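Reviewing the structure listed below.
None of the figures in this text is laboratory data; all of them are computed from the coordinates on show. These numbers were taken from a predicted model, which means no experiment stands behind them. Reconstructed Cβ throughout: ideal geometry from the backbone, glycine too, with neighbour counts over all protein chains shown.
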Amino acid sequence: MRIGELAARTGVSVRSLRYYEEQGLLASTRSSSGQRHYTDDQPERVRFIQRMYAAGLSSRTISELLPCVDSPSQDNSDAAVERMTQERDRLSRHITDLAATRDALDALILTARTYREQLQDAPAC
């Protein structure tokens with residue numbers, strides 16, 4: 001199938017599919033005129049890549065996980081679980097940092113509201 005059909009079947013833009021190829025996540029063959037052609041199993045691979053992106057993984061991390069899909073083995077599976085665990089831990093730390101940032105902003109908002117109320121209650125000169 002050509003790139004437009006793969007895009008239509010997966011709901012992924014042609015531009016994204018080209019990016020996946022650039023990143024080594026997806027492969028195609030080229031016709032003599034240079035058109036990309038994909039095998040019938042590529043829609044499932046694109047959906048897998050989309051699930052990985054939706055989970056917050058970068059293209060680099062996804063490429064590290066693909067051996068588990070391309071060459072299933074106990075070692076590849078163990079490595080994939082370990083890598084995904086590392087990513088989850090990184091995301092958890094980021095969430096904690098974001099919550100602290102939100103709390104700091106809440107404190108600033110409270111201070112600004114208190115100040116505004118004081119201005120409203122102050123007698124006019």
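Points worth noting:
- GNM flexibility winner over the chain from Arg102, Arg93, Arg113 (Cα, springs under 10 Å): Arg113
- Dipole moment magnitude, nearest 20 debye, the chain about Cα centre, only Lys, Arg, Asp, Glu C-beta charged: 520 debye
- Residue of Ile49, Ile62, Ile95 that the Gaussian network model of the chain assigns the largest fluctuation, springs spanning Cα pairs under 10 Å: Ile95
- Mean projection of the Cα convex hull over all viewing directions, computed for segment 18-105: 7.5 nm².
- Alpha carbon centroid spacing (whole Å) that separates segment 86-104 from segment 1-45: 35 Å
- Inter-probe distance in nm under a simple model that places probes 7 Å from Cα toward Cβ, at Asp121 and Glu21: 6.7 nm
- Ordering Ser92, Ser33, Ala112 by the projection of their Cα atoms onto the charge dipole of the chain, which places +1 on the Cβ of Lys and Arg and -1 on the Cβ of Asp and Glu, puts Ser33 at the extreme positive end.
- If the chain linking Gln50 and Ser77 were pulled fully straight, counting 0.36 nm for each residue of separation and taking away their Cα-Cα distance, it would gain 7.8 nm.
- In this structure, the amide hydrogen of Arg2, modeled 1.01 Å from its nitrogen in the peptide plane, lies closer than 5 angstrom to those of Tyr38, counting only residues at least 5 positions away or on a different chain.
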